Structure formats: C-alpha cells, structure tokens
Amino acid sequence: MKVLIVGSGGREHAIALSVAKSPKVDQIYCAPGNAGIGGLAQCVPIGAMEFDKIVAFAKEKEIDLTIVGMDDPLVGGLVDELEKAGLRAFGPRKNAAILEGSKAFSKDLMKKYHIPTAEYENFDDAEAAEAYLENARFPVVLKADGLALGKGVLICENLEEAKEGVKSIMLDKKFGSAGSRMVIEEFMTGREVSVLSFVDGKTIKTMTSAQDHKRAMDGDMGLNTGGMGTFSPSPFYTKEIDEFCMKYIYQPTVDAMAAEGREFKGVIFFGLMLTEKGPKVLEYNARFGDPEAQVVLPRMKNDMIEVIEACIDGKLDEIDLQFEDNAAVCVVLASEGYPVAYEKGYLIQGLESFEGKDGYYCFHAGTKKTEEGIVTNGGRVLGITAKGRELKEARENAYRAVQWVTFENKYMRNDIGKAIEEV
Ligand SMILES: Nc1ncnc2c1ncn2[C@@H]1O[C@H](COP(=O)(O)OP(=O)(O)OP(=O)(O)O)[C@@H](O)[C@H]1O
Ligand SMILES: [Mg+2]
C-alpha cells in the first residue's frame, strides 16, 4: 500500500520509521518531510496546512492511507477534507481534535464527566479574568485557549504577574487568536508523565509511558521549548496508577467524546500530573507527542499499519498492543539560542555513524538537504534516541551517540532522564 505522512518533525520521522517496517507498505510519501525522512519516504514540497494540495496529491497518487502527525492540520480539519474526497486518513476529525484545539473545551468536558483535573474557570473577557485573579490562590496558571506551539501557558507567582499575563494573552494577543479565550487554573505539583494511546472511537489502548523535558536548560531552568528530550518508560508510572487512569481518565475521556457526538479516532496524548491526591489531567493532545514518539514508537512491537487500520475500522479491541521490555532515551540536539533566536544552515557531520547500529536512532527535525550535504534548518535539529535494557543504560547509550554527530552551535541538555536516578 501507499502511505502519506503529513508533517516535518522528529515525530513524523519516528512515524515514518515504524510505517516503513510494515510488510504491508510499498511506498511512503511525506508532506513536507525533512532530510532524514527523505531516506525512507519521498518528500513532497506541500505544506501541512495546504489542504487542497494534500487532497489532490493523495488522489493523484492513489494513497491508501494518510497519517496526519501534526496538531494544526488536525485541528483545522484535514482528516475531514481527506474523508470527503473518499480517502482513508488516520487522526481525529475536526470536531474531535478540539480536545487539543481548545483548552476551554477540554476543561469543560472534564468537569462535565468528572475526569480529575485542576480547578479552573474559562474567560472570554480580560476584565472578568482580572477580577477573578483578585481572589485567586498563587501561583496560578494562565492558558491561552488555542494552539500556541507549547508556549501559551504562563505560571504566575503573584497578582501583578498574572494581570500582566492576562494582558499579554487577551489584549496584546501575544499568541494570536489562540488568546481570544483563556483558562485560569489551579497550580498543581507532582511528577509529570505523558501517556500516548490509540483510540478507535470506543476502545482505547495505551502505549508505554514517557516523560518530556520542556525547559531549555539543565535542571529545568530557562524557557519552555517544544521539548529537549524524553525517556520511556517513566518509573513513576506504576501499575496502580495505570489502573486508576484507565478507570477514571482514559476510558471516561473516550466515552465522553462519543457521548458528545465527537467520536475520537486517532492518538490521544494524556499529559498527567501525579499529585498527592492522585493523577490529574494537565492537558490533552490529539496526536503523538514530539519528542515522546521518538522513545515510544521504537519500543512498539506491533505492526503500526495494523494498529492504525484497526483504529480507523473500529476494531482496536482485536489488537494486542505490545512494547519491548526495555527503555529508551531521546536527547534533542538543538541550535544554540533555541527557542529564541538561532542560526541555520550549518553542515551536519557524522550522520552515517547511525547506519546499521541496532537500538540507535537519529531522528531529524530541523534539517535540510543541500548540495553540500545535510544542514541545520531549525531550532530543534535532531533527536538522538538509544535503547537500553533499563533507563540508566539507555541514557548512557544516548549520551554516547550524541557525540557521533557534530555541527556548529550544537546545543543539548545534559540531564535528560537524570530524574530517574533518584528512584
Ligand atoms: N495546572 C498546572 N499546574 C502546574 N503546572 C502546569 C499546569 N498546567 C500546565 N502546567 C505546566 O505547563 C506545561 C504546559 O502546559 P500544557 O501542557 O497545558 O500546554 P501546551 O501548550 O498544550 O503544551 P504541549 O506543547 O505539550 O501541548 C505542562 O507540561 C506543565 O509543566
Ligand atoms: Mg497541548
């Protein structure tokens, strides 16, 4: 079969690698893809938001399955457009992708269906938000309603900061139209864990757990980024917690979406906070995480295409989802200065070191193929993943492998997965 993947990051590279392993697949295309994905797929210069072009391409090439990796096209309704044209697509339709697309929607859903999450209030008016803050407990969390590249969340220590935050989100529109509405919520403390899942509308099967490192610098200092590294599984995510979440969070979320007439088919990413009062939902995403996918998918034993087709056909209950009994760590190699300002266009050397090395992966994010070779082309450049028998070994392997690649202004965190040593 012919598969089209929509997106251009490390996540899509990890998806492409899993898809390529399926004996069912003859040809992979990626729109727009990147230099690394180009080794597995034919990249086509169509942007992820160019719906008409994507649909036309899929029809022309007789694509059997389109996998939408990114949040923007999902929230914008790319899956609906593909289906309207009679094409098969993996990912939630627009009316279900709202689970990620609107934080106010997801909070109201959780409240209505008694799914544990932080206390909150929604606002579409800056004055009302400011008035509410007068009596709030600090720190308080402000969230722009819509998609904001992981930057629409502000944790404010006091009233003054919070009022400034409301102003920047709702009045100055720092996150664009994402800030027309906002959520103000209770600050929670605890360990964060990410759990990805496959969903077919009724049945949900969770993947192995993972943990992200969002801040730019060691020790969780510096600005929030798209993610500087991940490890999987999370040793804090126990069997008891998993059972609790299945009963009170995962299945209730899928059932709630169905009850609302918003049947969810695709991947739900549960961002959880393990609080003293039990696990609570921090956020939902409607797609694989990036860089969570880079540690979760390499550990998956199933044929990715079989799982995806079962989701689309409502037959996920027939799938026995299995993961390797090992661990993986992904260290992101970024351009110095990310996430604020950075230079591009530097030659990347050593990429061939990964060839034929089992258990080591070099996922491309911001890279570009030029006549001189593959060069840096973004803030996050590569995701270096390594497996190990347990987390400590995976971590040692990943930090050995990051040395195989060099480019000017190469920057990384040195403490990815370090928290696990406290266990
Ligand atoms: N109520 C809360 N209490 C404490 N910390 C929080 C709370 N809500 C969010 N955070 C912190 O802010 C981060 C980002 O929040 P959230 O996941 O809602 O935003 P996002 O922009 O959708 O992120 P992503 O890019 O992962 O989708 C969380 O990972 C968490 O560290
Ligand atoms: Mg999110």
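Could we say that Pro291 is away from ligand 1 (no atom under 15 Å from the Cβ), modelled with pLDDT of 95 or more and closer than 24 Å to Arg380 by Cβ here? Considered against the rule, which asks whether it is away from ligand 1 (no atom under 15 Å from the Cβ), modelled with pLDDT of 95 or more and closer than 24 Å to Arg380 by Cβ, Pro291 comes out as no.
Any chance the stretch 122-141 includes a residue that's without any contact (Cβ under 8 Å) to a residue 60 or more places away in the chain, within 15 Å of ligand 2 (Cβ to nearest atom) and either open to solvent by less than 40 Å² (accessible area, probe 1.4 Å) or over 21 Å from Asn285 (Cβ atoms) (or both)?
Checking the stretch 122-141: at least one residue is without any contact (Cβ under 8 Å) to a residue 60 or more places away in the chain, within 15 Å of ligand 2 (Cβ to nearest atom) and either open to solvent by less than 40 Å² (accessible area, probe 1.4 Å) or over 21 Å from Asn285 (Cβ atoms) (or both).
Being farther than 24 Å from Asp200 by Cα and out of contact with any strand residue (DSSP E or B) (no Cβ under 6 Å at 6 or more places or on another chain) is true of Ala56.
A quick yes/no check of all residues on (1) closer than 23 Å to Pro291 by Cα; (2) without any contact (Cβ under 8 Å) to a residue 12 or more places away in the chain; (3) touching an Asp or Glu at 6+ places or on another chain (Cβ under 9 Å):
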residue	(1), (2), (3)
Lys167	no, no, yes
Phe187	no, no, no
Glu192	yes, no, yes
Phe198	yes, no, no
Asp212	yes, no, yes
Arg215	yes, no, no
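Just to be sure, is Thr367 touching a residue at least 40 places away in the same chain (Cβ under 8 Å), out of contact with any helix residue (DSSP H, G or I) (no Cβ under 8 Å at 6 or more places or on another chain) and crowded, with 19+ Cβ neighbours inside 10 Å?
Yes, satisfied.
Let's see how each residue does on (1) farther than 15 Å from Val332 by Cβ; (2) in a loop (DSSP other than H, G, I, E, B):
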site	(1), (2)
Lys387	yes, no
Lys392	yes, no
Ala401	no, no
Asp415	no, yes
Ala419	yes, no
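A residue that is within 16 Å of ligand 2 (Cβ to nearest atom) and hydroxyl-bearing (Ser, Thr, Tyr) cannot be found anywhere in the stretch 156-175.
Counting the residues of the stretch 240-283 that are open to solvent by 10 Å² or more (accessible area, probe 1.4 Å), within 15 Å of ligand 2 (Cβ to nearest atom) and assigned to a helix (DSSP H, G or I) gives 0. Is the stretch 89-106 home to any residue that is surrounded by fewer than 19 Cβ atoms within 10 Å (Cβ to Cβ), away from ligand 2 (no atom under 16 Å from the Cβ) and outside any loop (DSSP other than H, G, I, E, B)? The answer is yes; a qualifying residue exists. Checking each residue in the stretch 115-136 for being within 12 Å of ligand 1 (Cβ to nearest atom) and out of contact with any helix residue (DSSP H, G or I) (no Cβ under 8 Å at 6 or more places or on another chain) picks out Ala118, Glu119.
Yes/no matrix, rows are residues, columns are (1) at pLDDT 95 or above; (2) within 16 Å of ligand 1 (Cβ to nearest atom); (3) farther than 28 Å from Pro73 by Cβ; (4) aliphatic (A, V, I, L, M):
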{"site": "Leu282", "(1), (2), (3), (4)": "yes, yes, no, yes"}
{"site": "Glu306", "(1), (2), (3), (4)": "yes, no, no, no"}
{"site": "Gly314", "(1), (2), (3), (4)": "yes, no, no, no"}
{"site": "Ile319", "(1), (2), (3), (4)": "yes, no, no, yes"}
{"site": "Asn326", "(1), (2), (3), (4)": "yes, no, yes, no"}
{"site": "Ala341", "(1), (2), (3), (4)": "yes, no, no, yes"}
{"site": "Tyr346", "(1), (2), (3), (4)": "yes, no, yes, no"}
{"site": "Gly350", "(1), (2), (3), (4)": "yes, no, yes, no"}
{"site": "Lys392", "(1), (2), (3), (4)": "yes, no, yes, no"}
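Residues in the stretch 27-46 that are open to solvent by 10 Å² or more (accessible area, probe 1.4 Å), outside any loop (DSSP other than H, G, I, E, B) and touching a residue at least 40 places away in the same chain (Cβ under 8 Å): Gly38 alone.
The values are calculated or read from the model by the stated rules, or taken from the named source; none is laboratory data. It should be emphasised that the depicted structure is a prediction, and the values quoted were computed from it without experimental measurement. FYI the Cβ positions are ideal-geometry reconstructions off the backbone, even for glycines, and counts take in every protein chain you see. For the accessible areas, the whole protein counts, side chains as well, though only heavy atoms, and no ligand, DNA or RNA atoms are used. Shrake-Rupley method; radii C 1.70, N 1.55, O 1.52, S 1.80 Å.
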